[in-house]
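Engineer: The following block contains the structure, expressed as structure tokens.
The values are calculated or read from the model by the stated rules, or taken from the named source; none is laboratory data. All values derive from a computational prediction rather than experimental measurement. Neighbour counts run over all protein chains shown; Cβ positions are idealised from the backbone, glycine included. What goes into the accessible areas is simple: the full protein's heavy atoms, side chains included, and nothing from ligands, DNA or RNA. Shrake-Rupley method; radii C 1.70, N 1.55, O 1.52, S 1.80 Å.
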Amino acid sequence: MQKREQGKSGGSAGGGAAPPAKRGRPFGSGNNSSSAAASAADSAAPSTLLGPSLHVHNSFADQNNKRIVLALQSGLKNELTWALNTLTLLSFKEKDDMRKDATPLAKIPGLLDALLQVIDDWRDIALPKEFAKTTRIRTLGANSVVSGFGSEYQALGSTGWCSLCSVGSGSAGIESTQQNGMTKSRFSELWLDEDSLFNLDDEGRAEKQQCAVAASNIIRNFSFMPDNEVIMAQHRHCLETAFQCIEDHLVEDEELVTNALETIVNLAPLLDLRIFSSSKPSFIKITEKRAVQAIMGMLESAVKAWHCAAAELLGRLIINPDNEPFLLPFFPQIHKRLIDLISMPALDAQAAAIGALYNLAEVNMDCRLKIANERWAIDRLLKVIKMPHPVPEVCRKSAMILESLVSEPQNRSLLLAYENAFAEIVFTDGRYSDTFARILYELTSRPSNKVAAARGIWGM
């Protein structure tokens, strides 16, 4: 562990670099730019902001927090839509947003649980079609107006049914309707519309799904706020719901899966997988093994956004030593997939894979041995440096991974085959010459390595 911390501190030499911003976090939201953002807020006037913008009063959430939670818990379509739209505006922060005091929405009592309940309601009915109860076809009395099976409203339509009701109620009802000017709808028709309830048909299922996606997007926005990180990372129901969504990525809505995955990625630095075996109340029986298997499913996915986020997630989880016992059984699969991602032409995939390997190489000796023995691992790491990758930090991490691999004596025989390539980088690339000089020194100066001493390039 000390070596891992030393490696991280040694890699950030050349100034106290701030931690990188989270995925999707707007510019200026990090701690290192708080003073700059404050000065910009004082100097910039609202008239200088270009484009349309929607401003929400800061005290809105404080004054309506109970109403928002009750609207989410009501299950009524209109109330739920209003609450989701309101929270989407309150939780979203644009790049040019000058609000200094953002309300920590996750601290509102019952709000996070209410949002998770919206997702759980969709998950409860999101079953394959073969498990759904099919509608029974009524053939008896299909040609008659009133069949006796309770489908008179569908047979006649809303207008015809209400016309019968108006006739049965007498002329007084018609006269009162005409006097009030209600020509398009009648009072007896209001309770049949059921605008505030979700139907059980496909349209109702689609509306439930849209609400679940909106709730997941709000939770994702919550995870970007530093004030919400600790609460959400220790909220077992939130983590269980997110991991269950990515576990069912083959049948679940893609946007819902993406929001759940990005939420976990943002909370990963504070995430302890032991929470799934803790004494906290469990709503979904997610274990540590199932959680890691769900991440592996995303890592093996062909969707670039998913396997990039999964690689970044693994790199952040392994920083916590308490997560190592749950990730170690999957290391062979993780190494192989990360090396495959480096060979992809997508620059995002290369950066995510190298970032994860950079942290995995500092775990223990076994990890370094497996990475070095992985086919094409050293070739692809060198290729990233020689291309070079447009992000210098990615190239630097690739060089430091090779330096970590050469620290193990069992890997030196594999790395000696690339001695000429290392020497070429030393003399041609000044940015990484120091790192590769140390690599060559490790390969050629060890007393026990007689072959390396004979082939050394330092004249020894």
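Engineer: Which of (1) without any contact (Cβ under 8 Å) to a residue 40 or more places away in the chain; (2) more than 20 Å from PHE330 (Cβ to Cβ); (3) of a type in the set (Gly, Ala, Ser) does SER282 not meet, given it meets every other one?
Structural biologist: (1)
Engineer: Turning to a different aspect of this structure: Test ASP227 against the stated conditions and say whether it is without any contact (Cβ under 8 Å) to a residue 60 or more places away in the chain and open to solvent by 30 Å² or more (accessible area, probe 1.4 Å).
Structural biologist: no
Engineer: Now, a different point. Pick out the one residue from ALA372, ALA377, ALA311, ALA361 that is within 23 Å of GLU254 (Cα to Cα) and either among the hydrophobic types (A, V, I, L, M, F, W, C) or loosely packed, with under 15 Cβ neighbours inside 10 Å (or both).
Structural biologist: Exactly one residue qualifies, and that residue is ALA311.
Engineer: I'd like to know if region 92-109 contains one or more residues that are at pLDDT 75 or above, surrounded by 21 or more Cβ atoms within 10 Å (Cβ to Cβ) and touching a helix residue (DSSP H, G or I) at 6+ places or on another chain (Cβ under 9 Å).
Structural biologist: Taking every residue of region 92-109 in turn, none turns out to be at pLDDT 75 or above, surrounded by 21 or more Cβ atoms within 10 Å (Cβ to Cβ) and touching a helix residue (DSSP H, G or I) at 6+ places or on another chain (Cβ under 9 Å).
Engineer: Would you say ILE354 is in contact with a Ser or Thr (Cβ under 9 Å, 6 or more places away or on another chain) and either surrounded by fewer than 20 Cβ atoms within 10 Å (Cβ to Cβ) or under 26 Å from ALA302 (Cβ atoms) (or both)? Quick ask: steps written out before the conclusion?
Structural biologist: Values: in contact with a Ser or Thr (Cβ under 9 Å, 6 or more places away or on another chain): yes; either surrounded by fewer than 20 Cβ atoms within 10 Å (Cβ to Cβ) or under 26 Å from ALA302 (Cβ atoms) (or both): yes.
Criteria met by ILE354.
Engineer: Name the residues in region 331-349 that are out of contact with any Leu (no Cβ under 6 Å at 6 or more places or on another chain) and open to solvent by 10 Å² or more (accessible area, probe 1.4 Å), would you?
Structural biologist: Within region 331-349, PRO332, GLN333, LYS336, ASP340, SER343, MET344, PRO345, ALA346, LEU347, ASP348 meet the criteria.
Engineer: Within region 266-288, does at least one residue satisfy the condition of being open to solvent by 30 Å² or more (accessible area, probe 1.4 Å), among the polar types (S, T, N, Q), under 26 Å from VAL303 (Cα atoms) and over 9 Å from the mean Cα position of the chain (by Cα)?
Structural biologist: Going through region 266-288, the residues open to solvent by 30 Å² or more (accessible area, probe 1.4 Å) turn out to be 269-270, 272, 274, 277-283, 285, 287.
Next, only the ones that are among the polar types (S, T, N, Q) stay: 277-279, 282, 287.
Adding the requirement that they be under 26 Å from VAL303 (Cα atoms) leaves 287.
Retained after the next criterion (residues that are over 9 Å from the mean Cα position of the chain (by Cα)): 287.
Within region 266-288, one or more residues are open to solvent by 30 Å² or more (accessible area, probe 1.4 Å), among the polar types (S, T, N, Q), under 26 Å from VAL303 (Cα atoms) and over 9 Å from the mean Cα position of the chain (by Cα).
Engineer: Do any residues in region 65-76 that are assigned by the TED database to the domain that holds ILE108 have Cβ atoms under 7 Å from those of residues that are of a type in the set (D, E, K, R), where the two are at least six apart or on different chains, and which pairs are they?
Structural biologist: If the second residue must be of a type in the set (D, E, K, R), the pairs left are ALA71/GLU79.
Engineer: Please name all residue pairs, on different chains or six or more residues apart, with Cβ atoms under 6 Å, provided the first residue is in region 417-429 and is free of Cβ contacts under 8 Å to residues at least 40 places away in the same chain and the second residue is aliphatic (A, V, I, L, M) and part of a helix (DSSP H, G or I).
Structural biologist: From residues that are free of Cβ contacts under 8 Å to residues at least 40 places away in the same chain, the pairs are ALA421/LEU382; PHE422/ILE439; PHE422/LEU440; VAL426/ALA437.
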